[in-house]
1. With respect to I31, is the statement that it is surrounded by fewer than 22 Cβ atoms within 10 Å (Cβ to Cβ) and closer than 20 Å to V236 by Cβ true?
2. Which residue out of M76, M3 is away from the ligand (no atom under 13 Å from the Cβ), more than 26 Å from Y359 (Cα to Cα) and free of Cβ contacts under 8 Å to residues at least 60 places away in the same chain?
3. Those residues that are among the aliphatic types (A, V, I, L, M) and in contact (Cβ under 8 Å) with a residue 40 or more places away in the chain, I need them from the stretch 397-436; list them, please.
4. Could you give me the residue pairs with C-beta distances under 7 Å whose first residue belongs to the stretch 255-275 and is closer than 11 Å to A297 by Cα, whose second residue is aromatic (F, W, Y) and surrounded by 14 or more Cβ atoms within 10 Å (Cβ to Cβ) wherever it lies, and which are 6+ apart or on separate chains?
5. Quick check on my filter: what residues within the stretch 263-286 are within 21 Å of the chain's Cα centre (by Cα) and either under 18 Å from C374 (Cα atoms) or in the same structural domain as G43 (by the TED database) (or both)?
6. Quick check on my filter: what residues within the stretch 10-21 are surrounded by fewer than 22 Cβ atoms within 10 Å (Cβ to Cβ) and either assigned to a helix (DSSP H, G or I) or near the ligand (Cβ under 7 Å from one of its atoms) (or both)?
7. Which is within 21 Å of the chain's Cα centre (by Cα) and either in the same structural domain as L424 (by the TED database) or not aromatic (F, W, Y) (or both), of I260, I238?
8. Give me the residue from the stretch 22-50 that is more than 9 Å from the ligand (Cβ to nearest atom) and in a loop (DSSP other than H, G, I, E, B) and, out of that set, farthest from the chain's Cα centre (by Cα).
Amino acid sequence: MSMETMRSVLKKYFRFSDFRPYQREVIEKIIEKRDCLVVMATGSGKSLCYQVPPLVVKKTGIVVSPLISLMRDQVMALKQRGIKAEYLGSAQKDFTVHSKAEHGQFDILFMTPEKACTVPSSFWSNLLKAGISLFAVDEAHCISEWGHDFRVEYKHLDKLREVLLDVPFVGLTATATEKYSSFALAGRAALGLVVRYFLFDLNLYWYNNSRRTSYTVYFRVQYDIIGSLKLNYPFVTIGSVDRTNLFYGVKLLNRGQSFIDELVREISKEVTNGGSTIIYCTTIKDVEQIFKSFAEAGIEAGMYHGQMNGKAREESHRLFVRDELQVMVATIAFGMGIDKPNIRQVIHYGCPKSLESYYQESGRCGRDGIASVCWLYYTRSDFAKADFYCGEVKSEKQRKAIMESLLAAERYCVLTTCRRKFLLEYFGEKFPADRCGNCDNCKISRKERDMSREAFLLMACIHSCRGGWGLNMPIDVLRGSRSKKILDVQFDKLPLHGLGKNYPANWWKALGYQLISQAYAYHSHDLWSNSSANASGKFELCRAIAFTVAMS
Ligand SMILES: Nc1ncnc2c1ncn2[C@@H]1O[C@H](COP(=O)(O)OP(=O)(O)OP(=O)(O)O)[C@@H](O)[C@H]1O
């Protein structure tokens, strides 16, 4: 298939003059019927990779997507471009779509994973006769139990591999996180696969080799996607996750009306400048309170959350996307697939449940490449929601993944060093400098202060209390308290008792959070512990290093 045909499709339907990085390569591979794994930043243009091939080869492209609302939006946008698109899922009320689809009447057919796994086999055999250009799985990280958004239905998609022979399978995601560089490989078979896919595949397309640590780092979620979708010798495309036009900042939030009033005032300034803003809240109650405050300030805002009826949500969405409303106050129900180019601010009122969610939600910002800002406001209580997030989780693996993701979000919040560097490195990408110059920590000048002694005292005290307490206990011990709780367990006899009385309790607490941000300590279920399985190893490390903290 010539490059000319691809370009003419790009121009005719999308009105773009050229492909963005990687798009052309991925599209070519799909047309050659090669399986692909595409890991690229939010807003980088992954959708085009599965939208162009069906139009070039003139056969239906199947796209599995996790949300009906997302599919609806995409169908609407594609139809406006003159592309024959539809979706199949429980919400589809047009019963002719099924039969039109199986006879190949659509260029692109979106399906929920449930639908893809439950349509009768005759659907697939008919459609295969008509021709299928690709089977794409969007938001493919949902397939992995190590991912932040595991959906069990995604796990069954592999069944289709045996049905859709000779159809290229494509997994696409922005967040296939590497969480452990020392990923323990499960046996020789796994090693064989990884070696095959990651080491000797000369077709690996690395966006910028120098930015990646090394290709011997194993990406657990990527590996899961390849394994679960049974991708055969896939063409792996890994782009940078860096959104260079986004400013990242974090502030501690003082919950209450006066804080909200201040927030509303700040956002109103942006509204007068013509920019759009999304405010993500962690609860519906917060959405309603902030929405009300905008109304009281005379600013028309939209509201979007899961308890609104479908019609009201759609209306809110429509007005915002068409620039008839400048502000949207929403839960994360308003998230995936919002492709409005001119969003200048994404504000989080409360810390999201994972760093992956934060990256995706903040990624709605500045999709036109123009400088935009992402502020995250958090309270310490945001980090005590692990049990809530683990509510319906069945496997230990998932529980662990959720806890780790929340912990990463917490570290991001309390960080005093470059936020971009932290984000990128969390996603397995090396950031060559110490400062990006475009986050609050890089812009606000802070003096560094050596706190090795204090850090050592606190770590030693956490260690001496044997990690079985909240942070208050070791702090009270350091401050020389003789409360009944301390006397009962004889912590007043510890050699460290009273050695930290020069600092107030809140000061020690803040230091505790700094230790978290630098991975020297972690807390789970409010029990504090030295970091890592080998606590004493880290403990020694803390003694050996100079622990500095940046102070504003
Ligand atoms: N070649 C191109 N030239 C210009 N604009 C493009 C090109 N490809 C994609 N875009 C635009 O970039 C924006 C983001 O694209 P898209 O929605 O595909 O991103 P994505 O990678 O799927 O993001 P997310 O993971 O956040 O959903 C869209 O507005 C799209 O129209």
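1. Working: surrounded by fewer than 22 Cβ atoms within 10 Å (Cβ to Cβ): yes; closer than 20 Å to V236 by Cβ: yes.
Answer is yes for this residue.
2. Working: M76 fails: more than 26 Å from Y359 (Cα to Cα).
Result of the check over M76, M3: M3.
3. Step one: filter the stretch 397-436 for residues among the aliphatic types (A, V, I, L, M), giving 401-403, 406-409, 414-415, 423-424, 433.
Once the filter is applied, which keeps residues that are among the aliphatic types (A, V, I, L, M) and in contact (Cβ under 8 Å) with a residue 40 or more places away in the chain, the stretch 397-436 yields A401, I402, M403, L406, L407, A408, A409, V414, L415, L423, L424.
4. V264/F294
5. Within the stretch 263-286, T277, I278, I279, Y280, C281, T282 qualify.
6. The answer is K11, K12, Y13, F14, F16, D18, F19, R20.
7. On the way: I260 fails: within 21 Å of the chain's Cα centre (by Cα).
So the residue among I260, I238 that is within 21 Å of the chain's Cα centre (by Cα) and either in the same structural domain as L424 (by the TED database) or not aromatic (F, W, Y) (or both) is I238.
8. Only one residue fits best here, namely E32.
The values are calculated or read from the model by the stated rules, or taken from the named source; none is laboratory data. Source: prediction; values computed, not measured. FYI the Cβ positions are ideal-geometry reconstructions off the backbone, even for glycines, and counts take in every protein chain you see.
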